[in-house]
Amino acid sequence: MQVNLATKLLRANRDVAAENRERLRKHGIVAVNLISSPGAGKTTLLERTVEALKDKIPMAVIEGDQYTALDGERIERFGVPVVQINTPGGCHLDAGMIATALDSLDLENLRLLIIENVGNLICPAEFDLGEGFKVGVLSVTEGNDKPKKYPVIFQDAQAAIINKVDLLPYVNFSLEHAVQDLQEINPGLKVIPASATRQDGLEEWFNWLLEQM
Ligand SMILES: Nc1nc2c(ncn2[C@@H]2O[C@H](COP(=O)(O)OP(=O)(O)OP(=O)(O)O)[C@@H](O)[C@H]2O)c(=O)[nH]1
Ligand SMILES: [Mg+2]
């Protein structure tokens, strides 16, 4: 019974995601679903991304968070449209939430939509939002075992950012090993080592994003 309910829920989500995807396609908008465990650096990466690209590409951000608007406020400072979605107790965004958020955005004048999912490496992976691309963020403080322990997001993603490489001298993490594991999980995955604070690897990330437009 429980299994059936979960299947129904995922099927209903998939239908709304397909509607979102079609709506975004009609408007020529590329949507990116940014997923990571809490604190891997999604909002910091977004801050750098918005700062670098907002004058080149009309963009908006959807911020998913369980309880606060803190991340939304961080992005709003850059003057791009932000829709904050709270999911009290919920560990992921779903397609219906994105459909509602799309209603409040000026889709005619957008080209890039970045969605920061709720910080969680497991639940968001199951829920298609209608995005064009999924990007997984892993940070070097999380440990080398994480891609293999939580592979679904990396299997489905088009790119993975290994963030916080500035901390490599202080943590027990092999970048080489992580790249190897990620590419074993998904041979087509674009892997970008980066530091959102020291700004390493960000040009490569921006260029990858621009190539998808
Ligand atoms: N050293 C270092 N710290 C970083 C880097 N990127 C982010 N941080 C720090 O990591 C912490 C969490 O960063 P956020 O960007 O808020 O992470 P997040 O993934 O958005 O977190 P949630 O939205 O809560 O899931 C903050 O203290 C950041 O300053 C980095 O490249 N290097
Ligand atoms: Mg965040």
*Return the percentage of antiparallel bridges among DSSP beta bridges fully within the range 134-213, rounded to the nearest 5 %.*
10
*For the chain, what is the accessible area per residue in Å², given a 1.4 Å probe and the full set of protein chains?*
47
*Counting Lys and Arg as +1 and Asp and Glu as -1, what is the net charge of the other residues whose Cβ lies under 11 Å from the Cβ of PHE206?*
-2
*Percentage relative contact order, the range 1-124, counting C-alpha pairs under 8 Å, at least six apart*: 38
*Which whole-number percentage describes the relative contact order of the chain, with Cα contacts under 8 Å and a sequence gap of 6 or more?*
24
*Simple Cβ-charge dipole of the range 151-213, Lys/Arg +1 and Asp/Glu -1, about Cα centre, in debye nearest 20*: 140
*Report the FRET efficiency, 1/(1 + (r/R0)^6), for ILE57 and LEU167, where r is their Cβ-Cβ distance and R0 is 35 Å, rounded to 0.05.*
0.70
*Accessible-area composition of the chain, carbon plus sulfur, in percent [1.4 Å probe]*: 51
*What 222 nm value per residue comes from the helices of the chain, counting each DSSP H run with n ≥ 4 as -39,500 (n - 2.57) and dividing by all residues, nearest 500 deg cm²/dmol?*
-12000 deg cm²/dmol
_Filter LYS164/LYS190; LYS56/LYS134; LYS26/LYS190; LYS134/LYS190; LYS8/LYS149; LYS8/LYS42 down to the pairs with a C-alpha to C-alpha distance above 20 Å, please._
LYS56/LYS134; LYS26/LYS190; LYS8/LYS149; LYS8/LYS42
*Using the C-alpha atoms of the range 1-104, what convex hull volume per residue, in cubic angstrom, is computed?*
107
_At a threshold of 8 angstrom on Cα-Cα distance, excluding pairs fewer than six apart, so keeping six or more, what relative contact order does the range 21-82 reach in percent?_
30
_Computed magnitude of the charge dipole of the chain (debye, nearest 20; Cβ of K, R +1, Cβ of D, E -1)_ = 280
*When DSSP beta bridges are limited to those with both residues in the chain, what percentage is antiparallel, rounded to the nearest 5?*
5
*If you take the Cα atoms of the range 2-211, find Rg, then find the Kirkwood Rh from the mean of 1/r over all pairs, what is Rg/Rh?*
0.95
*Label GLU19 and TYR67 with points 7 Å out from Cα along Cα→Cβ: what is the distance between them in nm?*
3.2
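The values are calculated or read from the model by the stated rules, or taken from the named source; none is laboratory data. These figures come from a predicted structure and were not determined experimentally. We place every Cβ from the backbone using ideal geometry, glycine too, and count neighbours over all the protein chains shown. Accessible surface is based on the protein model in full, side chains and every heavy atom, while ligands, DNA and RNA are left aside. Shrake-Rupley method; radii C 1.70, N 1.55, O 1.52, S 1.80 Å.
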